[in-house]
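Structure first, commentary second.
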Ligand SMILES: [Zn+2]
């Protein structure tokens, strides 16, 4: 075990070198790295991943037909439902993928998906994180030894799981170690605010929607918050108004990162705050319309990403379910990586319980994350104590055990006075944008 930990520590240290500077190298150098990784990953997928093997054979394609990122569109678009139903087809059969971590998406699209990350890719990701940390760490004047509060969905959070996994398999030098406070965003804001004030973090990280909830709570109650040097959000979006509230009124710079369970480090925000710089050498990304045609800069469309890092579940040309546009602006920060607009925030509502208590919608999503029978779900909060739940299951049936389990979890999370009405349906209603809103509250915000 010790040798393994030393190996992965050295591996990470090796790959960390130059990561903070890489975004400022020339675009052609970055594209060269990208195209090399495309060739390696397509060859890997063809050799070890049943879906790509079968698909490429069917289309008469060979790895040598892929010279760079532009060739990735020769592969069919893959979407979330496919990966949900055919999980095994996207897994690598390589015998080198024996240590891995499986994580499920938070289900913010109403359709949780499970993805396997191999150990090598997780340590590469740890190294690539240096890119998105660089802008806000420059505000601290130090690279290690700072205090960070991480508000995540507890043991269910992807970031938390990955950190625990990496800590178990590697050694971290003491001086560089970050002093982390782990809090659960399933807990109410009043509780977390107290803990944050006691810890006095330099950085607070969470979902955009949770930070919105926290700062709105502070705004409403006038309670004191220890002012961090920056807040960082990922996981979902933050509205323009709430961002302004944090940046202008509280004078705290806001940074966002863009990633998903299927592609961990897609992009990051620099200190000019115009948009997100896309790590195109790791996760080449394109924007397409409903017909699958590429859209020019400035046009909002579906985000399609290829993960050139993960060799557990291999996903190329994958439709993530977000909408965004490439910006034609060149960022004055000097970074060569192209800019993407902030993706449409996901649209879940806050759960409001009796006595004005609030719960983040992740408290609902978490209930479904580990439910393998569920393909999609939608929860509508009717009153402070009643919920209507619609579920699309993977297999037909009445699913009494599933219904019981979900009812129990709701009561455990939201209180004994809660009633839930669960029905199994064939399909859920979509918004005009084609999205499913998984958590809706009918209770007025006022
Ligand atoms: Zn920039």
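Peptide packing: for 371-377, 193-199, the average count of neighbouring Cβ atoms within 10 Å per residue gives the ranking 371-377, 193-199, highest mean first.
Roughly how many Å is it from the Cα centre of region 324-344 to that of region 41-113, as a whole number? Cα centroid to Cα centroid, the span is 27 Å.
Quotient of the Cα radius of gyration of region 118-250 and 2.2 N^0.38 Å, N being its number of residues: 1.07.
Among 293, 31, 190, sorting on how many other beta-carbon atoms sit within 10 Å of each Cβ, with the fewest leading, yields 293, 190, 31.
Distance between the modelled labels on residue 398 and residue 39, one decimal in nanometres: 6.0 nm (7 Å Cα→Cβ projection). Global dimensions of the chain from alpha-carbon coordinates: Rg and Dmax equal 21.7, 64 Å. Taking region 313-412 as the region of interest, what is the percent of Cα-Cα pairs per 10 angstrom bin, listed from the shortest bin to the one with the maximum distance? Here the calculated profile for region 313-412 is 11, 31, 26, 18, 11, 2. Each helix, a run of at least 4 DSSP H residues, gives -39500 (n - 2.57); summed and divided by the residues of the chain, these come to -10000 deg cm²/dmol at 222 nm. Fully extending the segment from residue 330 to residue 216 would add 37.7 nm, taking 0.36 nm per residue of separation and subtracting the current Cα-Cα distance.
Between residue 385 and residue 197, the FRET efficiency estimated from the beta carbon spacing at R0 = 22 angstrom works out to 0.10. A Förster radius of 25 Å, combined with the Cβ-Cβ distance separating residue 31 from residue 62, puts the computed FRET efficiency at roughly 0.65. The DSSP beta bridges internal to the chain are antiparallel in roughly 55% of cases.
Taking the average, over residues, of other Cβ atoms within 10 Å as the packing measure, peptides 160-170, 239-249 rank 160-170, 239-249 from highest down. Legend: calculated FRET efficiency, residue 47 to residue 224, from the Cβ-Cβ distance at R0 = 51 Å, rounded to 0.05, equals 0.30.
Anisotropy class assigned to region 14-126 is oblate, per the alpha carbon gyration tensor with a/c at or over the 1.5 cut-off and a/b no larger than b/c. Result for the chain in a Gaussian network model with C-alpha springs under 10 Å: among 417, 297, 118, the largest mean-square fluctuation is at 417.
Coordinate-derived values only; no laboratory data. As the structure is a prediction and not an experimental result, all values here were calculated from the model. Quick reminder, even Gly has a Cβ in these numbers, built from the backbone with ideal geometry, and neighbours come from all protein chains shown.
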